[in-house]
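Asker: Sharing a structure here in structure tokens format.
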Amino acid sequence: MSSRYDVIREILNALVKDNPYINFAEIVSVDGLPIMSSSESPMEESIAAMTAAMSGVATRFISELKKEKIDWIGVFAGDGSGAIIIDISTEAFLVAMFTPGAKLGLILHDIKKARAKLSEAMA
């Protein structure tokens with residue numbers, strides 16, 4: 001039987017392996033701390049901190065507009081690469097980095113499937 005750690009690692013690795021546009025995935029805490037990633041990266045802590053900061057700003061923005069909860073946040077670079085941030089629970093986010101030319105619909109589909117699995121594994 002696999003440990004919870006192994007299950008979460010497998011979900012992250014499958015997300016990156018099965019989608020040719022996703023090159024990195026990380027789970028981060030709402031406090032901006034890295035929890036686990038698909039691969040070792042010197043940027044893990046920076047990505048985690050920026051994710052928490054962006055989520056806080058986006059949540060405040062939506063709140064001020066009196067809108068509902070944010071489903072996902074997209075950050076896009078000039079070359080077509082970027083990141084999608086989606087909540088897993090009230091305590092964690094999933095961040096997926098994607099390459100230029102990515103099919104956003106496919107990425108969102110795969111990220112939402114991973115979110116469902118991660119929510120269950122992290123409960």
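FYI, it's all coordinate maths here, none of it is from the lab. Everything numeric in this text was worked out from a predicted model, so none of it was measured. Cβ: placed from backbone, ideal geometry, glycine included. Neighbour counts: every protein chain shown.
Asker: Hey, rough spin-label estimate for residue 76 and residue 23, points 7 angstrom out along Cα→Cβ, what's it come to in nanometres?
Answerer: 1.8 nm
Asker: Can you compute the radius of gyration and Dmax for the chain, using only the Cα atoms, both in Å?
Answerer: Looking at the chain, its Cα Rg and Dmax stand at 13.9, 47 Å.
Asker: I'd like to verify something in the chain: which complete DSSP H helices, judged by Cα projection on the helix axis, reach 24 Å or more and average at least 0.0 on the Kyte-Doolittle scale?
Answerer: 44-64, 104-122
Asker: Moving on. Determine Rg/Rh for segment 20-90; Rg is computed over alpha-carbon atoms and Rh is the Kirkwood hydrodynamic estimate from the same atoms.
Answerer: Answer for segment 20-90: 0.98.
Asker: Give the lysines reachable from residue 66 as a straight Cα distance under 21 Å; neighbours fewer than 8 places away on the same chain don't count.
Answerer: Correct list for residue 66: empty, as no lysines qualify.
Asker: Between residue 58 and residue 99, what length in nm is gained on full extension when 0.36 nm per residue of separation is reduced by their alpha carbon distance?
Answerer: Full extension of this stretch gives 12.5 nm more.
Asker: On to the next question. With label points built 7 Å along Cα→Cβ from the Cα atoms of residue 89 and residue 108, find their separation and express it in nm.
Answerer: Label-label distance for residue 89 and residue 108, simple model: 2.6 nm.
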